[in-house]
Amino acid sequence: MIISGQSAGASSVSLLQASPLAKGLFRGVVAMSGGAWGNDGKSTSHEDAQKTGLRVQEALKAKSLDDLRQIPADRILALQEEFQVGARGGSIRIGGANIDSYFLPKSPAQLFAEHRQNDVPAIVGFTHDESSNDLRAAKNIEEYKAAAKKLYGDAADEFLKLYPASTDAEAREMGRTAAREGLVERGARNWAMQQCASGKSPVYLFLYSRVHPYIPGVKIADQDPATIGAYHTSDVPYWFGTQDALNIIRPTRNWTAYDRDLSAKMTAALIAFANTGDPKSAAVAWPQWTNRNEQLVEFGDRIDVLPMNTARLEFMKIHGGGQTTPRGTRDY
C-alpha cells in the first residue's frame with residue numbers, strides 16, 4: 001500500500017513517513033504541494049503547543065476541555081492570525097505539527113537524522129502557480145525591488161541577481177517564480193535532500209504546470225480563469241482521473257483529448273509507483289532525484305524532464321522563502 005495526500009494531506013503524509021509509530025504500514029508516499037519540509041522539518045514543541053492551547057482557551061473564555069469542544073469552528077478560525085485562502089483574523093498563530101512524544105517523539109528533521117523514519121520511496125511535487133508573498137503580489141519593477149528588500153534585507157542584491165527583472169512584465173513573472181521556489185519547490189527539494197541523506201529509498205520530484213481549459217466566459221467566484229494558472233490543487237483531477245467531477249454541478253472546464261491523455265499518463269505513473277516503487281512508464285521517463293542530478297518531471301503542455309535551478313534554491317534554503325500568506329488558493 002502507498003499513501004498520498006495534497007496540501008494539508010501532503011503534510012500528514014510527510015509526518016507519517018517521519019513517525020516511527022507508522023513503520024511498516026505503507027511502502028511508498030506521494031505528496032502533492034505540501035509537507036513538513038517547507039518548514040525545514042521543524043515542529044512545535046509540546047510546551048509551546050500547550051501555551052498556544054491555553055491562549056485559545058483564555059480568548060474563548062472556555063472553562064474546560066468540554067467547553068472548548070462545544071465551540072463552533074468559525075469562532076476558533078476567527079482567533080487565528082492567518083488561515084486558509086489568505087483570510088486573517090486575530091493574533092494567535094496556530095499551525096504545524098506538534099511534538100507529542102507519541103506520534104512525533106521528535107521533529108521530522110531529527111527523526112530523519114537519526115534514521116528513524118519510514119525509509120520508503122517518495123513522490124513529491126507542486127504546481128506552477130501556487131505560493132504567495134509580496135514578490136508574487138508585485139505589479140511592477142519598483143514593487144518587485146521593494147518586496148525583495150523587505151523580505152531579504154541585506155541579501156536583496158543577491159536575490160535580484162538570481163531573479164533579475166528589468167521590465168514590469170519580467171518583475172511579475174520573476175515574482176511568481178520566486179514565490180513558488182521559495183516555498184513549495186524549496187520544501188520538495190528539502191524533502192528530497194533528507195530522503196537521500198538519511199535513507200536508501202529513492203525520491204522522485206514533479207512540477208505540474210498544465211492550465212485547465214476553461215469554458216470561454218465562465219466565471220468562478222473571485223478567481224479569474226484567465227490568470228489563475230496551474231493553481232493549488234489543480235493537478236489532483238489529473239492524478240486521479242476525476243476531471244469530470246469539476247463539471248458535475250456546473251460545467252466550467254472544456255477538457256480536451258490532450259487533458260484526458262495527460263491524466264491517463266499521470267495516473268499510470270502512480271500505479272507503476274504503487275506496484276514497484278518506481279513511477280517510470282513507457283510514457284513518462286521519470287528520473288530519480290539525487291544530489292548530483294537534481295531533476296524533476298514537468299507535467300504541462302507536454303511532459304519534460306527539467307533540471308532544477310540549484311543556485312536559486314540554495315539561496316532559498318539559506319534565506320527562507322519569505323512567505324507572508326498561505327500558499328493555497330481556493331480550490332474549484
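The values are calculated or read from the model by the stated rules, or taken from the named source; none is laboratory data. Note that the coordinates shown come from a computational prediction; the quantities given were computed from them, not determined experimentally. Using ideal geometry, Cβ is built from the backbone for each residue, glycine included, and neighbour counts are taken over all protein chains shown.
I need a count of the residues in region 69-108 that are over 19 Å from Gln17 (Cβ atoms), at pLDDT 90 or above and of a type outside the set (A, V, I, L, M, F, W, C).
3
Of all residues in region 248-268, which are over 13 Å from Arg210 (Cα atoms), surrounded by 12 or more Cβ atoms within 10 Å (Cβ to Cβ) and either among the hydrophobic types (A, V, I, L, M, F, W, C) or under 21 Å from the mean Cα position of the chain (by Cα) (or both)?
Those that are over 13 Å from Arg210 (Cα atoms), surrounded by 12 or more Cβ atoms within 10 Å (Cβ to Cβ) and either among the hydrophobic types (A, V, I, L, M, F, W, C) or under 21 Å from the mean Cα position of the chain (by Cα) (or both): Ala264, Thr267, Ala268.
Mind listing whichever residues of region 269-305 are of a type outside the set (Lys, Arg), exposed (fewer than 14 other Cβ atoms within 10 Å of the Cβ), under 25 Å from Ala197 (Cβ atoms) and out of contact with any helix residue (DSSP H, G or I) (no Cβ under 8 Å at 6 or more places or on another chain)?
Those that are of a type outside the set (Lys, Arg), exposed (fewer than 14 other Cβ atoms within 10 Å of the Cβ), under 25 Å from Ala197 (Cβ atoms) and out of contact with any helix residue (DSSP H, G or I) (no Cβ under 8 Å at 6 or more places or on another chain): Thr276, Asn293, Val305.
Among residues belonging to region 169-178 that are crowded, with 22+ Cβ neighbours inside 10 Å and over 14 Å from Asn309 (Cβ atoms), point out the one that is nearest to the chain's Cα centre (by Cα).
Top of the filtered list is Gly175.
Is region 144-153 home to any residue that is within 22 Å of Ala230 (Cβ to Cβ), at pLDDT 95 or above and not small (Gly, Ala, Ser)?
Within region 144-153, one or more residues are within 22 Å of Ala230 (Cβ to Cβ), at pLDDT 95 or above and not small (Gly, Ala, Ser).
Does Gln57 satisfy the condition of being among the polar types (S, T, N, Q), at pLDDT 90 or above and not assigned by TED's automatic domain parsing to the domain that holds Glu294?
When the stated conditions are applied, Gln57 passes them.
Which of the numbered conditions does Val30 fail, given that it passes all the others? Conditions: (1) crowded, with 16+ Cβ neighbours inside 10 Å; (2) assigned to a helix (DSSP H, G or I); (3) of a type outside the set (Lys, Arg); (4) touching a residue at least 60 places away in the same chain (Cβ under 8 Å).
The failed condition is (2).
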